[in-house]
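Written below as C-alpha coordinates is the structure these notes are about.
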Amino acid sequence: MSDSNARKELLESKLIILYILDRMGMPVPELKLTEIILENKLMNYFLLKQYLDELSADGHIKEIQDKGKTFYEITNSGSTTLGYFHTMMPEGIKNLILEKIGQAKKEAKDASKLSADYTVEIDGSYTVACSAGEDDFSLISFKVSVGSRDDALRICENWNKFASDIYVEILQSLMKER
(Lines give C-alpha, C1' and ligand atoms only; values in the text may rest on other atoms or scores of the structure.)
Protein backbone atom coordinates (compact mmCIF):
# COMPACT_ATOMS: atom_id res chain seq x y z
CA MET A 1 0.00 0.00 0.00
CA SER A 2 1.42 3.36 -0.97
CA ASP A 3 2.03 6.03 1.64
CA SER A 4 -0.75 8.21 0.21
CA ASN A 5 -3.25 5.31 0.30
CA ALA A 6 -2.26 4.56 3.91
CA ARG A 7 -2.85 8.20 4.90
CA LYS A 8 -6.20 8.20 3.10
CA GLU A 9 -7.26 4.99 4.90
CA LEU A 10 -6.13 6.43 8.27
CA LEU A 11 -8.10 9.63 7.70
CA GLU A 12 -11.17 7.73 6.52
CA SER A 13 -11.07 5.42 9.55
CA LYS A 14 -10.81 8.30 11.98
CA LEU A 15 -13.62 10.11 10.17
CA ILE A 16 -15.79 7.00 10.52
CA ILE A 17 -15.31 7.11 14.30
CA LEU A 18 -16.05 10.84 14.43
CA TYR A 19 -19.09 10.42 12.17
CA ILE A 20 -20.57 7.68 14.37
CA LEU A 21 -20.04 9.72 17.55
CA ASP A 22 -21.43 12.85 15.92
CA ARG A 23 -24.55 11.15 14.58
CA MET A 24 -25.27 9.33 17.84
CA GLY A 25 -25.53 12.72 19.54
CA MET A 26 -24.78 11.29 22.99
CA PRO A 27 -21.93 9.51 24.76
CA VAL A 28 -21.52 6.10 23.10
CA PRO A 29 -20.52 3.04 25.11
CA GLU A 30 -17.21 1.63 23.89
CA LEU A 31 -18.88 -1.74 23.42
CA LYS A 32 -21.57 -0.28 21.12
CA LEU A 33 -19.00 1.67 19.10
CA THR A 34 -16.87 -1.45 18.73
CA GLU A 35 -19.92 -3.49 17.73
CA ILE A 36 -20.96 -1.04 15.00
CA ILE A 37 -17.46 -0.87 13.55
CA LEU A 38 -16.54 -4.55 13.72
CA GLU A 39 -19.90 -5.99 12.63
CA ASN A 40 -19.75 -3.83 9.52
CA LYS A 41 -16.05 -4.54 8.88
CA LEU A 42 -15.19 -0.84 8.86
CA MET A 43 -11.80 -1.54 10.51
CA ASN A 44 -10.20 -4.12 12.76
CA TYR A 45 -10.24 -4.00 16.55
CA PHE A 46 -6.58 -3.07 16.98
CA LEU A 47 -6.80 -0.14 14.59
CA LEU A 48 -10.02 0.99 16.28
CA LYS A 49 -8.30 1.05 19.68
CA GLN A 50 -5.29 2.88 18.23
CA TYR A 51 -7.46 5.49 16.51
CA LEU A 52 -9.59 6.02 19.63
CA ASP A 53 -6.42 6.71 21.60
CA GLU A 54 -5.10 9.08 18.93
CA LEU A 55 -8.40 10.95 18.55
CA SER A 56 -8.61 11.28 22.32
CA ALA A 57 -5.01 12.52 22.60
CA ASP A 58 -5.69 15.05 19.81
CA GLY A 59 -8.78 16.34 21.64
CA HIS A 60 -11.23 15.24 18.92
CA ILE A 61 -13.08 12.86 21.22
CA LYS A 62 -13.54 12.64 24.97
CA GLU A 63 -13.33 9.41 26.93
CA ILE A 64 -15.79 9.18 29.83
CA GLN A 65 -15.65 6.60 32.62
CA ASP A 66 -18.95 5.86 34.37
CA LYS A 67 -19.80 2.89 36.60
CA GLY A 68 -16.89 0.87 35.25
CA LYS A 69 -17.83 1.45 31.61
CA THR A 70 -16.07 3.55 28.98
CA PHE A 71 -18.03 5.96 26.79
CA TYR A 72 -16.84 8.17 23.95
CA GLU A 73 -18.17 11.55 22.88
CA ILE A 74 -17.14 13.85 20.04
CA THR A 75 -15.71 17.22 21.10
CA ASN A 76 -16.12 20.61 19.39
CA SER A 77 -12.70 20.09 17.82
CA GLY A 78 -13.82 16.70 16.49
CA SER A 79 -17.01 18.20 15.08
CA THR A 80 -15.01 20.92 13.33
CA THR A 81 -12.61 18.37 11.86
CA LEU A 82 -15.51 16.21 10.69
CA GLY A 83 -17.08 19.28 9.09
CA TYR A 84 -13.94 19.95 7.06
CA PHE A 85 -13.34 16.37 5.89
CA HIS A 86 -16.72 14.55 5.90
CA THR A 87 -16.86 14.65 2.09
CA MET A 88 -13.88 12.27 2.02
CA MET A 89 -16.07 9.48 3.41
CA PRO A 90 -17.80 7.32 0.78
CA GLU A 91 -21.59 7.82 0.72
CA GLY A 92 -22.14 4.07 1.03
CA ILE A 93 -20.31 4.01 4.36
CA LYS A 94 -22.23 7.07 5.58
CA ASN A 95 -25.54 5.43 4.71
CA LEU A 96 -24.54 2.17 6.39
CA ILE A 97 -23.52 4.06 9.53
CA LEU A 98 -26.77 6.05 9.59
CA GLU A 99 -28.76 2.81 9.37
CA LYS A 100 -26.79 1.19 12.18
CA ILE A 101 -26.97 4.33 14.32
CA GLY A 102 -30.76 4.35 14.06
CA GLN A 103 -30.79 0.84 15.49
CA ALA A 104 -28.16 1.69 18.12
CA LYS A 105 -30.08 4.77 19.30
CA LYS A 106 -33.23 2.71 19.71
CA GLU A 107 -31.30 0.07 21.67
CA ALA A 108 -29.68 2.76 23.84
CA LYS A 109 -33.06 4.36 24.52
CA ASP A 110 -34.57 0.98 25.42
CA ALA A 111 -31.60 0.12 27.64
CA SER A 112 -31.89 3.43 29.47
CA LYS A 113 -35.37 2.38 30.60
CA LEU A 114 -33.88 -0.59 32.45
CA SER A 115 -32.08 -0.30 35.72
CA ALA A 116 -30.51 -2.91 37.98
CA ASP A 117 -28.07 -2.14 40.76
CA TYR A 118 -27.19 -3.39 44.21
CA THR A 119 -25.94 -1.92 47.45
CA VAL A 120 -24.18 -3.52 50.39
CA GLU A 121 -26.06 -3.13 53.66
CA ILE A 122 -24.49 -2.62 57.10
CA ASP A 123 -25.21 -6.24 58.09
CA GLY A 124 -23.34 -7.54 55.00
CA SER A 125 -26.46 -8.43 53.03
CA TYR A 126 -27.17 -6.97 49.59
CA THR A 127 -30.18 -5.02 48.37
CA VAL A 128 -30.90 -5.27 44.66
CA ALA A 129 -33.06 -2.56 43.06
CA CYS A 130 -34.55 -3.24 39.61
CA SER A 131 -36.85 -1.13 37.48
CA ALA A 132 -38.21 -0.85 33.96
CA GLY A 133 -40.26 1.80 32.25
CA GLU A 134 -41.53 3.19 28.99
CA ASP A 135 -41.01 6.85 28.21
CA ASP A 136 -41.76 8.61 31.53
CA PHE A 137 -43.95 5.78 32.84
CA SER A 138 -42.66 3.22 35.34
CA LEU A 139 -43.79 -0.34 34.55
CA ILE A 140 -42.18 -2.03 37.52
CA SER A 141 -39.82 -1.20 40.33
CA PHE A 142 -38.77 -3.48 43.15
CA LYS A 143 -36.10 -4.16 45.74
CA VAL A 144 -35.05 -7.54 47.04
CA SER A 145 -32.55 -8.51 49.73
CA VAL A 146 -30.08 -11.31 49.09
CA GLY A 147 -27.26 -12.80 51.11
CA SER A 148 -24.34 -12.73 48.70
CA ARG A 149 -22.70 -10.51 46.12
CA ASP A 150 -22.89 -13.36 43.58
CA ASP A 151 -26.68 -13.51 44.00
CA ALA A 152 -26.93 -9.73 43.63
CA LEU A 153 -24.82 -9.78 40.47
CA ARG A 154 -26.83 -12.67 39.02
CA ILE A 155 -30.11 -10.82 39.63
CA CYS A 156 -28.76 -7.64 38.00
CA GLU A 157 -27.44 -9.60 35.02
CA ASN A 158 -30.70 -11.53 34.56
CA TRP A 159 -32.76 -8.36 34.86
CA ASN A 160 -30.64 -6.56 32.26
CA LYS A 161 -30.88 -9.49 29.84
CA PHE A 162 -34.40 -10.78 30.46
CA ALA A 163 -36.40 -7.95 32.05
CA SER A 164 -39.37 -8.31 29.72
CA ASP A 165 -39.65 -12.07 30.37
CA ILE A 166 -39.27 -11.61 34.12
CA TYR A 167 -41.86 -8.81 34.10
CA VAL A 168 -44.38 -11.10 32.41
CA GLU A 169 -43.58 -13.93 34.84
CA ILE A 170 -44.11 -11.63 37.83
CA LEU A 171 -47.44 -10.39 36.45
CA GLN A 172 -48.61 -13.93 35.71
CA SER A 173 -47.65 -15.05 39.19
CA LEU A 174 -49.39 -12.10 40.83
CA MET A 175 -52.59 -12.52 38.81
CA LYS A 176 -52.79 -16.30 39.15
CA GLU A 177 -55.86 -17.64 40.94
CA ARG A 178 -54.81 -19.01 44.36
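Here is a list: Lys113, Lys67, Lys100, Lys106. Which entry is within 14 Å of Met26 (Cα to Cα) and either surrounded by 15 or more Cβ atoms within 10 Å (Cβ to Cβ) or modelled with pLDDT under 85 (or both)?
Step by step, each of Lys113, Lys67, Lys100, Lys106 is checked, and only Lys106 is within 14 Å of Met26 (Cα to Cα) and either surrounded by 15 or more Cβ atoms within 10 Å (Cβ to Cβ) or modelled with pLDDT under 85 (or both).
Go over the candidates Val168, Val128 one by one and state the one that is β-branched (Val, Ile, Thr) and assigned to a strand (DSSP E or B).
The match here is Val128.
Filter segment 24-59 down to residues that are of a type in the set (Lys, Arg) and more than 14 Å from the chain's Cα centre (by Cα) and give me whichever is nearest to Thr87 (Cα to Cα).
Once the filter is applied, the top-ranked residue is Lys41.
When you scan segment 117-134, do you find a residue that is of a type in the set (D, E, K, R) and under 17 Å from Ile20 (Cβ atoms), even just one?
no
For a quick check of your reading of the model, give me the residue pairs whose first member lies in segment 163-178 and is more than 21 Å from Asp117 (Cα to Cα), whose second is exposed (fewer than 10 other Cβ atoms within 10 Å of the Cβ) and of a type in the set (Phe, Trp, Tyr), with beta-carbon atoms closer than 7 Å and at least 6 apart or on different chains.
From residues that are more than 21 Å from Asp117 (Cα to Cα), there are no pairs.
The values are calculated or read from the model by the stated rules, or taken from the named source; none is laboratory data. None of the values given here were measured: they were computed from a predicted structure. Please note: Cβ atoms are built from the backbone with ideal geometry, for glycine as well, and neighbour counts cover all protein chains shown.
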